[in-house]
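J.: Got a structure for you, written out below as C-alpha cells; questions coming shortly.
Computed from the coordinates by the stated procedures, all read-outs in this text should not be read as laboratory data. These figures come from a predicted structure and were not determined experimentally. As a convention, Cβ positions derive from the backbone with ideal geometry for all residues, glycine included, and neighbour counts pool all protein chains shown.
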Amino acid sequence: MRKYLEKMGLNKFRQNSTFLYLVCDVWILGYVYKKFTNPETMDLMIKVAAEQQQLDKTHIKQLYQLMTQSLILMLVLVGFVHLINYILYNKNKKVAFAYLVFYSWTASIGTALWGLSLLGSHFIPGIVFLAVSGVFFFNAMGLRVFPHQEQELKKS
C-alpha cells in the first residue's frame, strides 16, 4: 500500500482522502439520523421517558420534536467540525492532521465493530460499515505515509 500511496503523491492523496472522509461522514451521519428518527426507535425511547415522568400526549409530542431537533443539531455540528478539519488539513494545518490521525484510527476500529455487529440483523448496512472501516484504514495508512510537514512543496 505504501508504494501505491507514494505513487499517488501528497496532493492527490489529500484530495482523495478528503472526498472519502466526506462520503463516509454522509453515510454514518445519515445512518444515525435514519436509525434514531425511525418511529419504532423513537417510540421506544419516548415510552421509557413518558412512563418515568407520567407525561400526557401533548408533552410526548413536544418530547419527540425536542429529541429530533437535538439529534439534527448534533449531527450538523459533527458534520461542521469534520468539514472544518478537512479544510484545515488541505491547508496543511498540524491540528487538523492530528485530529484526522486520531479520527481515522478510531473510526476504522469503531466502524468495523459496528459493521460486524450489524451483519446478523442488517446485512447490507453491516457490509457498508465494513467498507467504510476499510476507507478509514486506507486514510490512516496514508497519513502515516505522508506525515505532517511544516513546509510543503506545492508541486506534487
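J.: Starting from 0.36 nm per residue, how many nanometres of slack lie between Val26 and Thr106 once their C-alpha separation is accounted for? Could the numbers behind the result be given before it?
T.: Details: separation 80, 0.36 × 80 = 28.80 nm, distance 1.73 nm.
Stretched out fully, the Val26 to Thr106 stretch lengthens by 27.1 nm.
J.: For segment 41-47, take each phi angle, set θ = phi - 60°, evaluate the Karplus expression 6.51 cos²θ - 1.76 cosθ + 1.60, and give the result in whole Hz per residue in order, putting x for glycine and proline.
T.: With the stated coefficients, segment 41-47 comes to 5, 5, 4, 5, 5, 5, 4 Hz.
J.: Go ahead and estimate [θ] at 222 nm for the chain from helices alone: -39,500 (n - 2.57) per DSSP H run with n ≥ 4, summed, over the residue count, rounded to 500.
T.: One gets -29500 deg cm²/dmol as the mean residue ellipticity at 222 nm.
J.: Please list the non-local residues whose amide H lies under 5 Å from the amide H of His148, H modeled 1.01 Å from N, same-chain partners needing a gap of 5 or more.
T.: The list, which skips near neighbours in sequence, is empty: none.
J.: Of Leu10, Phe97, Trp114, whose Cα points farthest to the positive end of the dipole of the chain (charges on the beta-carbon: +1 Lys, Arg; -1 Asp, Glu; origin at the Cα centre)?
T.: Leu10
J.: When the gyration tensor of segment 44-86 is built from Cα positions, what are the square roots of 5 times its three eigenvalues, in whole Å, from largest to smallest?
T.: Here the semi-axes work out to 31, 9, 5 Å.
J.: Provide the FRET efficiency to the nearest 0.05 for the Asp43-Phe123 pair, computing r from the beta carbons and using R0 = 25 Å.
T.: Working from the Cβ atoms, E equals 0.50.
J.: What Kirkwood hydrodynamic radius do you get for segment 2-50 when you take the inverse of the mean 1/r over all pairs of distinct Cα atoms, in Å?
T.: 13.6
J.: Moving on to the next point. Quick check: from the Cα gyration tensor, does segment 1-95 come out rounded (a/c under 1.5), prolate or oblate?
T.: Prolate, because a/c is 1.5 or more and a/b exceeds b/c.
J.: Output needed for segment 7-156: three equivalent-ellipsoid semi-axes, defined as square roots of 5 times the C-alpha gyration tensor eigenvalues, in descending order, whole Å.
T.: 38, 18, 11
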